[in-house]
Amino acid sequence: MNPNSSYPGVKVDADDTRPILIVPYMWIGDFVRGHTVVRVLKERWPNRPVDLLVTKLVAPLVDYMPGVRQGIIWDLPRSRLALAQQWELAARLRAQNYGTALVMPRTWKSALAPALAGIPERVGFVGEVRFGLINQWRWGEKKLPRMIDKKSALALPEGTPLPPEWPVPQLRVPTEEIARWRATNGLGNGPAVALAPGSVGPSKRWSYYAQAARLLIERGLDVWVIGGPGEKALAEELVAVGGPGVRDLTGTDLRNGVVAMAAAGVAVSNDSGLMHIAAAIGTPTIGIFGPTAPHLWGPLNPLAAIIQTRTTVPCQPCHRPVCTLNDHACMRDIPALDVADATERVLKDAAFGMAP
């Protein structure tokens, strides 16, 4: 084994076997991108098991993440400290004999259970007066522009120069699981376009998925609508506009979305968790961006295409969840034809092995 890792001055230690706990951000997209941290840790310590603290929502993702031993499911309430539940979680963590905890969020609450569990090394950025809860402080978080730099820096020794590129997240879905999912949903084996019209915050939602679905159906393609319960009404609209070639595959289980993205020939998505899932799987993915900047919030995995408005919108990118200026022009000015043409082109490139 090479004693040196990919990071200057950082040695590979195969003798350390103490488990590591990651306390990640729980938004789906951030959780997927957090797999990069797992890959950095496994390069440094190939024999240290890595576990993730997870909510019920993101828990299915763990089954598809190489290098993750298990997810510790614990849904703490958002609005209060819930000290009794923190003690219960600490007891579960103590039983795992973790040697290190990486606490990604800067909140006091996120660091409490690892401290109560007595995990010896608790690494995190300075924030919310967490003295005593975090015992390996890191400074300079605000100087790191990208979320992935903030998270992955915690997996390296303090002061290590950050690489220009991190290892990309990976999600691996077994082919037999994809086949069972297709059979269960009566989808056959042909190529299909997966549309993910949802997002956190209405400003990131493109306006013309129904029109794009109709264009894709007219070109002989099957269309699947993927999302959670919040996208049910929109999925019904797409089915009404596109006809029987459009399938509503929205549901409450994120696992359904993961396998759907793995089964699709191409995914078209807003800046959302499903976009990050599709990209990490390796499905050719088209990302539609309006109020957010792709270089900051896009997947680390290469996208097959990035679509943005061709018009000049002075407030773009605003990174706001709700548009307060210009009548949502950054999304309204992206024609359905542009998305349909890009989708067809990406499918053809994928058929010839040209997609990323």
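Picking from residues in region 147-169 that are touching a residue at least 40 places away in the same chain (Cβ under 8 Å) and among the aliphatic types (A, V, I, L, M), the one that is farthest from Val12 (Cα to Cα) is Met147. The set of residues from region 305-332 being in contact (Cβ under 8 Å) with a residue 40 or more places away in the chain and either outside any loop (DSSP other than H, G, I, E, B) or β-branched (Val, Ile, Thr) (or both) comprises Ala305, Val322, His328, Cys330, Met331, Arg332.
Close Cβ contacts (under 6 Å, 6 or more residues apart or on different chains) running from residues in region 130-146 that are within 23 Å of Gly99 (Cβ to Cβ) to residues that are aromatic (Phe, Trp, Tyr) and open to solvent by 60 Å² or more (accessible area, probe 1.4 Å) comprise Arg130/Trp108.
Residue pairs whose Cβ atoms lie under 7 Å apart, separated by 6 or more positions or on different chains, with the first residue in region 6-31 and within 22 Å of Ala91 (Cβ to Cβ) and the second polar (S, T, N, Q) and assigned to a loop (DSSP other than H, G, I, E, B), are Pro19/Gln96; Pro19/Asn97; Met26/Thr55. For region 134-147, what are the residues that are modelled with pLDDT of 90 or more and touching a Phe, Trp or Tyr at 6+ places or on another chain (Cβ under 7 Å)? Matches in region 134-147: Arg138 only. Taken together, the residues in region 225-245 that are surrounded by fewer than 18 Cβ atoms within 10 Å (Cβ to Cβ), more than 13 Å from Arg205 (Cβ to Cβ) and either polar (S, T, N, Q) or under 24 Å from the mean Cα position of the chain (by Cα) (or both) amount to 2. Evaluate region 40-57: report whether one residue or more is in a helix (DSSP H, G or I) and under 21 Å from Arg106 (Cβ atoms). Yes - at least one qualifying residue is present in region 40-57.
The values are calculated or read from the model by the stated rules, or taken from the named source; none is laboratory data. The shown structure was predicted, so the numbers you read here are calculated from the model rather than taken from an experiment. Neighbour counts run over all protein chains shown; Cβ positions are idealised from the backbone, glycine included. Accessible surface areas use protein heavy atoms only, side chains included; no ligands, DNA or RNA. Shrake-Rupley method; radii C 1.70, N 1.55, O 1.52, S 1.80 Å.
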